[in-house]
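Chemist: Dropping a structure here in structure tokens format, bear with me for questions.
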Amino acid sequence: MHCCAEVYSIVKLMDKYVGKTFEVYLLTTDTPLSGIAGKLISDTLKKSFPEKIVNVDIRTIKGLQVTDSQTFSDQGFFNLIDEVHSINNESTNTVLNISGGYKAVIPVLTLLAQLEEIIIYYIYEDSTELIEIGNLPINFDWGIIEKYVEIIKNNNKRNKADENLIQELRDLKLIKSENRDLSIVGELISRYAEKMSPYTAIIFGYLIEYKLVEYYAKLYGGEKVLHSYEPVKGLGDIDIFIKDKANTFIAVEIKPFNRLLSKNYMQTIRENYSKRIKPLINSENQISEIWLILYSYSKEKTDTKELHKSTKMMLSEYTEALKQDFGDDTFTFRVKHFFIHKNKLSSEKHIYQTFMKSSIKDNAVSDLFSSK
């Protein structure tokens, strides 16, 4: 068959998936010629393969053209991402054929296909062989970008963020150089953070709590360490409760490291400390320490977190506020860092399995701040 790459590659796909019927989505650029080409391809497919192709849907991607590079990068790319995402949600067994169209969109489509877990097919120039690119064991390095996720996902926080933090985002190519708008990669991270990052998945937080309970049970004794302890029903639980001495206890809250960047979230943690811990305090049961354990992970074997001077000052003020809340200045407030090493050889998108099989090492939990 002598025909264009778009039609020929679809024919090869039909040859590969014998006995299957197809819905074809033609994504055309925002130009008259592309619209005409899409109509011709649609008519050809419908006329030539009425039994195999049950539907052909032409969708024009607004802003996807080459005459205006600004519109291309600001609108076209993002609209293309939206359309592929929408089609994948509408359909089952989606594949992505990138044999035709602008070469400039191939890198983004390749990355998008990996995130959406879509198989890519293409035919290279004059070749007759259909090339398949399956799902590769790749993902964003959340060990690097995890602390920026809240800023990336929240426009208001990003617009109010410190310029030093914004420069870090620019260095990572997550926002544009000329303003604070997201780059294409930043937009992808924003959209896929809930799906791909272990830190935005609630389940991973629970697994971390269980592993830390296991860790501290070995240090203090299993009978002295309680998980999800709820002193008063309806007020919420203390993540870990440790009876360190006969008449004193330690209350522990566990959160992702990026929570430290949010003043509102830190205020919420403070309120929770107050309402959950106060009912436990009496003449025979005093609080000795309050811990905030912040977790992060990286493919590197070590990750030494250092707090900025302004953050240490904020935590000192935070300690004073806690002391006022409890009417007690004898306890110690500590912020600890729990580092999780991700095995670089693992092909898993989440690290649940490797993490749950391993034991927490002593150097994995370190002190970042202490009020005394």
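The values are calculated or read from the model by the stated rules, or taken from the named source; none is laboratory data. Note that the structure is predicted; figures quoted are calculated from it, not measured. As a convention, Cβ positions derive from the backbone with ideal geometry for all residues, glycine included, and neighbour counts pool all protein chains shown. Remember, those area values only see protein heavy atoms, side chains included, never the ligands or the DNA or RNA. Shrake-Rupley method; radii C 1.70, N 1.55, O 1.52, S 1.80 Å.
Chemist: Considering only residues of region 219-252 that are small (Gly, Ala, Ser) and part of a strand (DSSP E or B), which is most open to solvent (accessible area, probe 1.4 Å)? Even if it seems obvious, please write down each step before you answer.
Modeler: In the first step, residues of region 219-252 are kept if they are small (Gly, Ala, Ser); the result is 221-222, 228, 234, 236, 246, 251.
Going one step further and asking which of them are part of a strand (DSSP E or B), we end up with 228, 251.
Numbers: SER228: 46, ALA251: 1 Å².
Looking at the filtered set, the residue picked out is SER228.
Chemist: I'd like the residue in region 45-61 that is closer than 20 Å to ILE98 by Cβ and open to solvent by 60 Å² or more (accessible area, probe 1.4 Å) and, out of all such residues, is nearest to the chain's Cα centre (by Cα). So that I can check it myself, show each step before the final result.
Modeler: Of the residues in region 45-61, the ones closer than 20 Å to ILE98 by Cβ are 45, 53, 56-61.
Subsequent filtering for residues that are open to solvent by 60 Å² or more (accessible area, probe 1.4 Å) retains 58, 60.
Details: ILE58: 32, THR60: 29 Å.
The selected residue is THR60.
Chemist: Of the residues that make up region 286-293, is at least one surrounded by fewer than 11 Cβ atoms within 10 Å (Cβ to Cβ) and either at pLDDT below 80 or aliphatic (A, V, I, L, M) (or both)? Break it down stepwise before answering.
Modeler: As a first pass, look at region 286-293 and keep what is surrounded by fewer than 11 Cβ atoms within 10 Å (Cβ to Cβ): none.
For region 286-293, residues surrounded by fewer than 11 Cβ atoms within 10 Å (Cβ to Cβ) and either at pLDDT below 80 or aliphatic (A, V, I, L, M) (or both): absent.
Chemist: Quick check on my filter: what residues within region 41-83 are of a type in the set (A, V, I, L, M) and assigned to a helix (DSSP H, G or I)? Break it down stepwise before answering.
Modeler: Restricting attention to region 41-83, the residues satisfying the condition of being of a type in the set (A, V, I, L, M) are 41, 45, 53-54, 56, 58, 61, 64, 66, 80-81.
Selection gives ILE41, LEU45, LEU80, ILE81.
Chemist: A further question on this structure: Scan region 261-285 for residues that are among the hydrophobic types (A, V, I, L, M, F, W, C), assigned to a helix (DSSP H, G or I) and at pLDDT 80 or above and report the count.
Modeler: Here is the first cut: in region 261-285, the residues among the hydrophobic types (A, V, I, L, M, F, W, C) are 261, 266, 269, 277, 280-281.
Okay, now just the ones that are also assigned to a helix (DSSP H, G or I), so 261, 266, 269, 277, 280.
If we keep only those that are at pLDDT 80 or above too, we end up with 266, 269, 277, 280.
So the count comes out to 4.
Chemist: Given the condition within 25 Å of PHE77 (Cβ to Cβ), out of contact with any Phe, Trp or Tyr (no Cβ under 6 Å at 6 or more places or on another chain), in a loop (DSSP other than H, G, I, E, B) and open to solvent by 40 Å² or more (accessible area, probe 1.4 Å), answer yes or no: does some residue in region 15-34 qualify?
Modeler: So the first thing to find is which residues in region 15-34 are within 25 Å of PHE77 (Cβ to Cβ), and the list is 23-34.
So of that shortlist, the ones also out of contact with any Phe, Trp or Tyr (no Cβ under 6 Å at 6 or more places or on another chain) come out as 23-34.
Now restrict to residues that are in a loop (DSSP other than H, G, I, E, B): 29-31.
Still in the running and open to solvent by 40 Å² or more (accessible area, probe 1.4 Å): 30-31.
Within region 15-34, one or more residues are within 25 Å of PHE77 (Cβ to Cβ), out of contact with any Phe, Trp or Tyr (no Cβ under 6 Å at 6 or more places or on another chain), in a loop (DSSP other than H, G, I, E, B) and open to solvent by 40 Å² or more (accessible area, probe 1.4 Å).
Chemist: Here's another thing I want to ask about it. Please go through (1) open to solvent by 30 Å² or more (accessible area, probe 1.4 Å); (2) over 23 Å from SER183 (Cα atoms); (3) in a helix (DSSP H, G or I) for SER86 and return the number of the only condition it doesn't satisfy.
Modeler: (2)
Chemist: Which one is farthest from the chain's Cα centre (by Cα) among residues in region 98-107 that are open to solvent by less than 20 Å² (accessible area, probe 1.4 Å) and of a type outside the set (Ser, Thr, Tyr)? Walk me through how you get there before you give the answer.
Modeler: Initial filter on region 98-107 (open to solvent by less than 20 Å² (accessible area, probe 1.4 Å)): 98-99, 105.
From what is left, the residues that are of a type outside the set (Ser, Thr, Tyr) are 98, 105.
Working: ILE98: 26, VAL105: 23 Å.
For region 98-107, the residue satisfying everything is ILE98.
Chemist: GLU317 - would you say it is more than 18 Å from ASP239 (Cβ to Cβ) and surrounded by fewer than 16 Cβ atoms within 10 Å (Cβ to Cβ)? First the steps, then the outcome.
Modeler: On the way: more than 18 Å from ASP239 (Cβ to Cβ): yes; surrounded by fewer than 16 Cβ atoms within 10 Å (Cβ to Cβ): yes.
Taking the combined requirement at face value, the residue satisfies it.
Chemist: Where in region 148-188 are there helices (runs of 4 or more DSSP H), lying wholly inside it, with at least 1 residues that are open to solvent by less than 30 Å² (accessible area, probe 1.4 Å), modelled with pLDDT under 85 and closer than 20 Å to PRO256 by Cβ? Steps first, please.
Modeler: Numbers: elements: 149-153, 155-160, 163-171.
Helices (runs of 4 or more DSSP H) meeting the threshold: 149-153.
Chemist: For residues that are of a type in the set (Asp, Glu) and open to solvent by 20 Å² or more (accessible area, probe 1.4 Å), scanning just region 253-285, find the one that is farthest from the chain's Cα centre (by Cα).
Modeler: We begin by selecting, within region 253-285, every residue of a type in the set (Asp, Glu); these are 253, 271, 284.
Keeping just the survivors that are open to solvent by 20 Å² or more (accessible area, probe 1.4 Å) gives 271, 284.
Numbers: GLU271: 27, GLU284: 45 Å.
My answer is GLU284.
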